[in-house]
Amino acid sequence: MPTIKALELAQEKGLDLVEVAPTAVPPVCRILDYGQYKYELQKREREAKKKQKSQTFKEIRLRVKIDVNDLRTKLRRAGQFLDEGDRVKVTVQFRGREMSHANLGRDLLDRAAELLGEHGTVERPPLLEGRNMYIVMAPLEKRPEKKIEKGEGTPAEASAPQPAGPPNGGETIGDAVAAKGSAPTATVEPPAADEAPQPAEQG
């Protein structure tokens, strides 16, 4: 309809005539509350910024001869980043002749990924670039936890034996990995798609 008639119609309803598609032929307008329309646009922008924030990269740098306590401290911080929704790059830096023992760096990254298994998953396997080897971990998708009623069995994780404690503080993680294999971890698989809840029978 002509612009003048559209303006008159909007004024009769106490609303505004807002152009929403200026590049269309003819341009598309809507009769609405401009304040409410502007609020919806700002809300969409805020949601888009939140999604962009979840793609933020954090980096944790390790050394082949890092002390066990230092490793636990850095991985604890990496776990916090993953819980906050950030992706984490775990990098092992090689110096001098350490490049000839790249397998120790790979074992260290595998150990780090194992310890961070409760917070994230490996998005990119160990990759060697120059004198650095790294993995990329992404945060886990949050799922509602199931409640356990009294009388039912406890989860397998509760009854499973706990892995042995870390070596003495004077021993490095490179020595520990070389002398002892990685400890096993338990993973929780999501319920199968065909196990949907059955509808209640009619009485």
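Worth pointing out:
- Complete set of residues in region 51-74 that are within 14 Å of Tyr134 (Cα to Cα) and open to solvent by less than 80 Å² (accessible area, probe 1.4 Å): Lys58, Ile60, Leu62, Arg63, Val64
- Selection from region 63-110 of residues that are outside any helix (DSSP H, G or I) and touching a helix residue (DSSP H, G or I) at 6+ places or on another chain (Cβ under 6 Å): Val64, Lys65, Ile66, Val88, Val90, Val92
- Test for Gln93: is it at pLDDT 85 or above and more than 15 Å from Pro139 (Cβ to Cβ): yes
- Within region 70-81, residues that are closer than 16 Å to Gly120 by Cα sit with their Cβ atoms under 6 Å from residues that are of a type outside the set (A, V, I, L, M), at 6+ positions apart or across chains, in these pairs: Gly79/His119; Phe81/Lys58.
- Count of region 1-45 residues which are aliphatic (A, V, I, L, M), open to solvent by 80 Å² or more (accessible area, probe 1.4 Å) and in contact with a helix residue (DSSP H, G or I) (Cβ under 9 Å, 6 or more places away or on another chain): 1
- Within region 125-136, residues that are among the polar types (S, T, N, Q) reach partners that are open to solvent by less than 60 Å² (accessible area, probe 1.4 Å) with beta carbons closer than 8 Å, at six or more positions or on different chains, in the pairs Asn132/Thr91; Asn132/Val92; Asn132/Gln93; Asn132/Phe94.
The values are calculated or read from the model by the stated rules, or taken from the named source; none is laboratory data. Please read all numbers here as calculations on a predicted model, not as lab measurements. Methodologically, a virtual Cβ is constructed for each residue, glycine included, from the backbone with ideal geometry; neighbour enumeration extends over all protein chains shown. Calculation scope for accessible area: heavy atoms of the full protein, side chains included, ligands and nucleic acids excluded. Shrake-Rupley method; radii C 1.70, N 1.55, O 1.52, S 1.80 Å.
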